Amino acid sequence: GPDHRRQSSFYPTLDTHLQGGWPQTGLVELACGPAGIGELRLLFPLLAQAQLRLQVWINPPAELNGQALAQHGIDLSQTLLIRCQNPQQALWSAEQSLNSGCCSHLILWAPRLTAPQAKRLQVSAKDNQALMFWLHPQAEPSTSALPVSARFSLAPLATGLRLQVHKYQGQWAQHPCQVDMHAMWPSLAVPTHQATAPVNNIVALPLKPR
């Protein structure tokens, strides 16, 4: 049956909404729409706590700024950034990283996954006690046929994100959760031009290489 153990997201509202937090292991889909709405800020508190094994980032859409990551408590010595030429290579790298047993968290940016690809990643993540986030630029999540532990879509709010649960280990859709990031990031303010532009993710974009 489904594994209902959870790990905290370190956002109390979200933990309550998800009955404890993110899954302990498995594949989580995050439909982000345009990059830079705060999707990384959602994961930073979790990644800052995960010090025991590697965290692997595969094909992030922007250059990652080591200094910014370190400011968010990310241990750079435990962080592996992999850049791949094409989606096939990225998937292969994700699977190898999971099967190595060395990583606790893996974030893959990929436009789409097929059901067999998702299944392999899901199984590898569970078998190796890892939690994998798959981020993609579609506003809508994949079809319910894709085997994932959890399926969420994100939308920007002035001081955080709206997270809609489409599937979560047996729980089905419910009202969205408003994740307020203002307490953790006081610099987040309500932009005046909110109607026309998405909220800029000041932390993650634009990121420059060191």
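The values are calculated or read from the model by the stated rules, or taken from the named source; none is laboratory data. None of the values given here were measured: they were computed from a predicted structure. Methodologically, a virtual Cβ is constructed for each residue, glycine included, from the backbone with ideal geometry; neighbour enumeration extends over all protein chains shown. Protein only, heavy atoms only, side chains kept; ligands, DNA and RNA dropped before computing areas. Shrake-Rupley method; radii C 1.70, N 1.55, O 1.52, S 1.80 Å.
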* Structure fact -> Counting all Cα-Cα pairs in the stretch 50-93, those more than 15 Å apart amount in percent to 47
* Of the listed peptides 104-116, 82-94, what is their order by residue-averaged count of other C-beta atoms within 10 Å, with the highest listed first? -> 104-116, 82-94
* Structure fact -> Treating every alpha carbon of the stretch 1-109 as one equal point scatterer without solvent, the Debye formula yields log10 I(q)/I(0) values at q = 0.12, 0.23 Å⁻¹ of -0.43, -1.57
* Spin-label pair ALA183/VAL123, simplified geometry with 7 Å Cα→Cβ offset, distance in nm -> 4.1
* Structure fact -> In nanometres, the difference between 0.36 nm per residue of separation and the alpha-carbon distance of LEU76 and ARG53 is 7.1 nm
* Total formal charge among the other residues, if their Cβ is under 11 angstrom from that of TRP22, Lys/Arg +1 and Asp/Glu -1 -> +1
* Treating the beta-carbon of each Lys and Arg as +1 and of each Asp and Glu as -1, no other charges, what is the dipole magnitude of the stretch 1-97 about its Cα centre, to the nearest 20 debye? -> 100
* To do: Order LYS119, LYS126, LYS167, most accessible first, counting only protein heavy atoms with a 1.4 angstrom probe.
  => LYS119, LYS126, LYS167
* To do: For the stretch 106-114, take each phi angle, set θ = phi - 60°, evaluate the Karplus expression 6.51 cos²θ - 1.76 cosθ + 1.60, and give the result in whole Hz per residue in order, putting x for glycine and proline.
  => 9, 10, 10, 9, 8, x, 7, 10, 8
* To do: For the stretch 89-173, compute Rh as the Kirkwood radius over C-alpha pairs and then the Stokes-Einstein diffusion coefficient at 25 °C and 0.890 mPa s; write the answer in µm²/s, rounded to an integer.
  => 180
* Asked: If we count every other residue with Cβ under 13 angstrom of LEU146's Cβ, Lys/Arg +1 and Asp/Glu -1, where does the sum land?
  -> +3
* Asked: Taking only C-alpha pairs under 8 Å that are 6+ residues apart, what is the relative contact order of the stretch 99-182 in percent?
  -> 23
* Provide the FRET efficiency to the nearest 0.05 for the GLN85-ALA115 pair, computing r from the beta carbons and using R0 = 30 Å. => 0.80
* So what is the relative contact order of the stretch 48-168, in percent, for Cα pairs below 8 Å that sit 6 or more residues apart? -> 22
